[in-house]
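The values are calculated or read from the model by the stated rules, or taken from the named source; none is laboratory data. Please read these numbers as outputs of a predicted model, since none were measured by experiment. Heads up, the Cβs are rebuilt from the backbone with ideal geometry, glycines too, and the neighbour counts pull from every protein chain shown.
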C-alpha cells in the first residue's frame with residue numbers, strides 16, 4: 001500500500017512543530033545544541049518552530065496524510081550556498097543569528113549549527129535540499145521516511161536535479177545511502193559533539209520502478 005503524501009499549509013504549522021520536536025528530541029545533533037534533557041524539552045520546540053516557519057515561507061513541507069511524518073525541503077539555486085552570504089549583495093547571511101535571537105539568545109550553538117552546515121553546503125548547481133525529516137517515534141521503521149524522500153527524488157530524477165542533505169546519525173546515513181545518496185566532501189565534526197555527514201545524490205535514470 002502506498003503512503004499518501006500532501007503539501008503542508010499554514011494550518012499544519014503546530015502539528016508539524018510538535019512532530020519535529022518529538023522526532024528529534026533524542027537526535028545526536030539536537031542533544032548537542034541543547035545539552036540536558038530538561039533544557040532540551042523547553043528550548044528544542046522553539047528551534048523546530050523557527051525551522052518550520054522558514055520552510056513554510058521559503059520552501060515546502062511534505063506530510064503524510066495521517067500526520068505521522070514530514071519532510072522539510074528547500075529548492076537551492078545554483079548560487080547562494082557555501083559562501084556565507086545571503087546570495088543577494090554579498091553581505092554575511094544573518095539567518096543563523098536571527099534564529100538564535102528568536103530561539104535562545106544565550107545559546108551560541110543555535111547559531112553555530114546554522115553557520116557550520118552552511119559552510120559545507122555545496123554550491124554551483126541547483127538542487128533540492130532536504131533540511132530535515134521527522135517520523136513520529138511510534139511509527140518509525142514503517143517506511144514512512146523513505147516514502148517521503150522518494151516522493152521528491154522521483155521528481156528530481158524526472159527533472160534532472162541533484163539532491164543534498166546532512167545526515168545527523170549513522171542510522172539515517174545508511175537509509176540515505178540506500179536511496180542513492182553518497183558522501184560529499186568531509187564529514188562535519190561539531191565542536192565537542194557528534195558527526196554529521198554531507199550527502200549528495202545525482203539524478204538517476206528511470207529504472208521502471
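Taking the residues in segment 55-78 that are assigned to a helix (DSSP H, G or I) and in contact (Cβ under 8 Å) with a residue 12 or more places away in the chain as candidates, determine which candidate is surrounded by the fewest Cβ atoms within 10 Å (Cβ to Cβ).
58
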Do the conditions hold for residue 139, that is, is it modelled with pLDDT under 95 and buried (at least 18 other Cβ atoms within 10 Å of the Cβ)?
-> no
Which of the residues belonging to segment 156-189 are surrounded by 19 or more Cβ atoms within 10 Å (Cβ to Cβ) and part of a loop (DSSP other than H, G, I, E, B)?
-> 161, 168, 181
Candidates 93, 83 - the one that is buried (at least 17 other Cβ atoms within 10 Å of the Cβ) and modelled with pLDDT under 95 = 93
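Results for (1) out of contact with any strand residue (DSSP E or B) (no Cβ under 8 Å at 6 or more places or on another chain); (2) closer than 20 Å to residue 143 by Cα; (3) loosely packed, with under 14 Cβ neighbours inside 10 Å; (4) at pLDDT 95 or above, shown as yes or no for each residue.
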{"site": "10", "(1), (2), (3), (4)": "yes, no, yes, yes"}
{"site": "16", "(1), (2), (3), (4)": "no, yes, no, yes"}
{"site": "27", "(1), (2), (3), (4)": "yes, yes, no, no"}
{"site": "42", "(1), (2), (3), (4)": "yes, no, yes, yes"}
{"site": "46", "(1), (2), (3), (4)": "yes, no, no, yes"}
Qualifying positions in segment 190-202 - closer than 20 Å to residue 124 by Cα and buried (at least 17 other Cβ atoms within 10 Å of the Cβ) = 197, 198, 199, 200, 201
If we ask which residues in segment 124-151 are touching a helix residue (DSSP H, G or I) at 6+ places or on another chain (Cβ under 8 Å) and part of a helix (DSSP H, G or I), their number turns out to be 4
Which of the residues that make up segment 164-200 are touching a helix residue (DSSP H, G or I) at 6+ places or on another chain (Cβ under 7 Å), on the phi < 0 side of the Ramachandran plot and in contact (Cβ under 8 Å) with a residue 40 or more places away in the chain?
-> 166, 168, 169, 188, 190, 193, 194, 196, 198
